[in-house]
Each structure stands twice: as C-alpha cells, then as structure tokens.
Amino acid sequence: MATFNQRILSFYKKTKKNKKPKLNKAPQKKGVVLGLRICTPRKPNSARRPAVKLKLTTKKKALAHIPGSGHNLRKFSK
C-alpha cells in the first residue's frame with residue numbers, strides 16, 4: 001500500500017525542462033556560421049572537437065558541435 005507522501009506526489013506532475021531552448025525542440029534549424037573553433041573537453045577526457053558559432057534564423061546565437069571526422073564549413077556559409 002502506498003504511503004501518504006507517495007499519494008500526494010502522484011498529484012504533482014513534473015514538467016520536463018527543454019535542454020536546448022534556442023533550438024525550440026527542433027533537431028535542425030537553419031543559420032549562418034559566425035565562426036569556427038576547436039574545443040577541448042574538461043579534465044578526464046581529451047580530444048579536439050570542432051564547434052561552430054551560429055546565428056540562427058530566429059535571431060539567436062548558439063554554439064554547435066560538428067559531428068563526423070571532417071567538414072567543409074567556412075565563415076558566413078549557410
């Protein structure tokens with residue numbers, strides 16, 4: 001049988017927080033490349049990860065990771 005506190009908790013619905021608010025729950029958005037950079041992760045990991053600073057079509061700026069081994073992105077490309 002459930003306790004009193006467990007029954008009270010069932011009434012409160014938890015809402016999920018949007019992890020990427022700039023993308024607004026869209027996996028791909030269109031944007032313009034403002035700059036390319038190589039980022040390195042924190043202490044226990046080590047790698048050189050390519051990243052891009054973007055200006056999205058929603059007028060917001062975001063930092064995005066480039067997946068894969070190579071890319072052909074340039075500044076101000078779409």
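The values are calculated or read from the model by the stated rules, or taken from the named source; none is laboratory data. None of these values were measured; they are calculated from a predicted model. So basically every Cβ, Gly included, is an ideal-geometry build from the backbone, and we count neighbours across all protein chains shown.
Considering only segment 34-78, state which residues are touching a residue at least 12 places away in the same chain (Cβ under 8 Å) and in contact with a Ser or Thr (Cβ under 9 Å, 6 or more places away or on another chain). Listed by number, the list holds a single entry, Arg49. Could you please let me know if Thr15 is among the β-branched types (Val, Ile, Thr), part of a loop (DSSP other than H, G, I, E, B) and surrounded by 10 or more Cβ atoms within 10 Å (Cβ to Cβ)? So Thr15 does not fit the description; no. Being farther than 30 Å from Phe76 by Cβ and either at pLDDT below 90 or assigned to a strand (DSSP E or B) (or both) is the requirement here; does Gln6 meet it? So Gln6 fits the description; yes.
When only residues in segment 19-74 that are assigned to a strand (DSSP E or B) and exposed (fewer than 11 other Cβ atoms within 10 Å of the Cβ) count, which is modelled with the lowest pLDDT?
Ranking the qualifying residues of segment 19-74, first place goes to His65.
Does Thr40 satisfy the condition of being within 16 Å of the chain's Cα centre (by Cα) and of a type in the set (S, T, N, Q)? No, not satisfied.
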